[in-house]
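The block underneath contains the structure these notes are about, expressed in structure tokens.
Just so you know, all these numbers are worked out from the coordinates, no wet-lab data involved. As the structure is a computational prediction, the values presented were derived from the model and not from experiment. We place every Cβ from the backbone using ideal geometry, glycine too, and count neighbours over all the protein chains shown.
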Amino acid sequence: MITVVLVDDQEVIRVGLRAILSDQTEIQVVGEVGDGLSAVRIVDDLTPDVVLMDLRMPGIDGVEATRRIRARHPEQVVRILVLTTFDQDANVLAALRAGADGFLSKGASPAELVDGILRVARGENALSGSAVNAVVAHVSVTPGISVDPEALRLVVDLTAREREVVEYLVRGLTNREIADVLFLSPLTVKTHVNHAMVKLGARDRAQLVTVAVRAGILPTT
């Protein structure tokens, strides 16, 4: 059984999430809170498998709550899945850096929500195309960001095919879309992505995109 804590300052959203998850035999909601400080405390008390975290809350926001939870509980113990509105939130990249394990849109379907929870609970990342696009947008337009020499050094270690796949990731394509463009199987694309993640020291696709963008690989029209 995967235990879940819901963190959102809007009660109506928590009620909706609980209703969706109540029908899942593999998932049990063990608690819910409406602010960041309470999130840190309830995770300390219950140590759930997954925290479903909102970013915009009173007091400390979801980014700071994620940072504090991650300082107390490693990824192997507590996983954090951020549920937010990407096109309105400038904190996606900050949450990633704070230790979030995945991102889903608040417009995600019940099936996508359940799948995201199951994936992060298994140690995988749950990252929608919106999340990749948000990471690219925030990194590429942030003032003062220039090519990072360390990121550039890591990117140089990629094979030509791995770099090509990463370039398409930066443009926001899914594995399936990349496979169609490059005439590869989705499994082959996934293998290239995994190899690139290892070489670039990325925990998930969002970090992979972040490193690539800092190395100067920006999306083209």
Provide a single number: the residues in the stretch 181-221 that are in a helix (DSSP H, G or I) and touching a helix residue (DSSP H, G or I) at 6+ places or on another chain (Cβ under 9 Å).
24
Quick one: which residue in Asp49, Asp61, Asp23, Asp8 is surrounded by 23 or more Cβ atoms within 10 Å (Cβ to Cβ) and out of contact with any Pro (no Cβ under 7 Å at 6 or more places or on another chain)?
Asp8
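For Val43, state whether it is closer than 24 Å to Val209 by Cα, free of Cβ contacts under 8 Å to residues at least 40 places away in the same chain and either buried (at least 20 other Cβ atoms within 10 Å of the Cβ) or of a type in the set (Gly, Ala, Ser) (or both). If you could, list the steps in order and put the result at the bottom.
Working: closer than 24 Å to Val209 by Cα: no; free of Cβ contacts under 8 Å to residues at least 40 places away in the same chain: yes; either buried (at least 20 other Cβ atoms within 10 Å of the Cβ) or of a type in the set (Gly, Ala, Ser) (or both): yes.
No.
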Please go through the stretch 26-40 and pick out each residue that is touching a residue at least 60 places away in the same chain (Cβ under 8 Å) and buried (at least 19 other Cβ atoms within 10 Å of the Cβ).
Ile27
Given (1) surrounded by fewer than 21 Cβ atoms within 10 Å (Cβ to Cβ); (2) under 20 Å from the mean Cα position of the chain (by Cα), Leu55 misses just (1)
